[in-house]
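The block underneath contains the structure these notes are about, expressed in structure tokens.
The values are calculated or read from the model by the stated rules, or taken from the named source; none is laboratory data. Nothing here was measured: the structure is a model prediction, and the numbers come from that model. Cβ sites come from the backbone with ideal geometry, for glycine too, and all protein chains shown count toward neighbours.
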Amino acid sequence: MSKACRAILIGLCATGVTAVLPAQQMPTVTKETIPAHSTVTKQKFSGKVLVAEGNHLLVRMSTGDLRIFDVPEQRRFIVDGKQLTVSDLKPGTKLNATVTTTKSTVIDRTTTVGSGRVFHVSGNTVVLTLPNNENRMYKVLDTYRFVVDGQPASVSELRKGMVVSAQKIVEEPRTELASETKVIGHALVAH
């Protein structure tokens, strides 16, 4: 699965370093899950029970193929209006199953907000000294803008010693699957 990462560095820079330094804080991290989109698919299967033993079910599918199912104990089959377990099924019982699968894409977003002092700037690379005196390096896109004295400024306008509040956002998409199976059937009528 592909991993999309996006880092945003937004800053508030101050020229009066001594007045702003007490406001420096260690980064805070928040995590959230954002629903992106879902798709629902339905599949229909039909067949005739050949063997039902324990939690194993052997079925001749309508396509002619044989298929074995390991059925969860909690699964119930509605046969002629009655709820049955797999062990209650008899050879010859006709089954129709509808499997509904919901595939949801969600985005796990991690937002880190903190502040630091500009230690070094070179091209699109900024090194910040965090409040614990740890230096961290960030690559900044040309399109990133900081706010310096209330005005937008590019990374090239940052200077050593400026205090910067920053936000970094990392987004990772993942897929969640949910499946629901409904099985109905008709028992073999003896003649």
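Here are some notes:
- Selection within the range 26-76 - under 30 Å from residue 165 (Cβ atoms) and touching a Gly at 6+ places or on another chain (Cβ under 6 Å): 27
- Selected residue (criterion: modelled with the highest pLDDT) from residues of the range 160-191 that are surrounded by fewer than 12 Cβ atoms within 10 Å (Cβ to Cβ) and not in a strand (DSSP E or B): 160
- Candidates 54, 64 - the one that is modelled with pLDDT of 95 or more and at positive phi: 64
- Among residues of the range 97-149, those that are without any contact (Cβ under 8 Å) to a residue 60 or more places away in the chain, not in a strand (DSSP E or B) and not polar (S, T, N, Q), counted: 4
- Screening residue 113 against (1) modelled with pLDDT of 90 or more; (2) in contact with a strand residue (DSSP E or B) (Cβ under 9 Å, 6 or more places away or on another chain); (3) surrounded by fewer than 16 Cβ atoms within 10 Å (Cβ to Cβ) leaves a single unmet condition, (1).
- Residues being under 30 Å from residue 36 (Cα atoms) and acidic (Asp, Glu) - total across the range 108-144: 2
- Against the conditions (1) closer than 30 Å to residue 67 by Cβ; (2) within 34 Å of the chain's Cα centre (by Cα), residue 87 satisfies every one except (2).
- The single residue among 54, 64, 47 that is small (Gly, Ala, Ser) and within 17 Å of residue 181 (Cα to Cα) turns out to be 47.
- The residue of the range 88-110 that is surrounded by the fewest Cβ atoms within 10 Å (Cβ to Cβ), among those that are farther than 16 Å from residue 168 by Cα and among the charged types (D, E, K, R), is 90.
- The selection criterion, being in contact with a helix residue (DSSP H, G or I) (Cβ under 9 Å, 6 or more places away or on another chain) and farther than 15 Å from residue 187 by Cβ, does not hold for residue 136.
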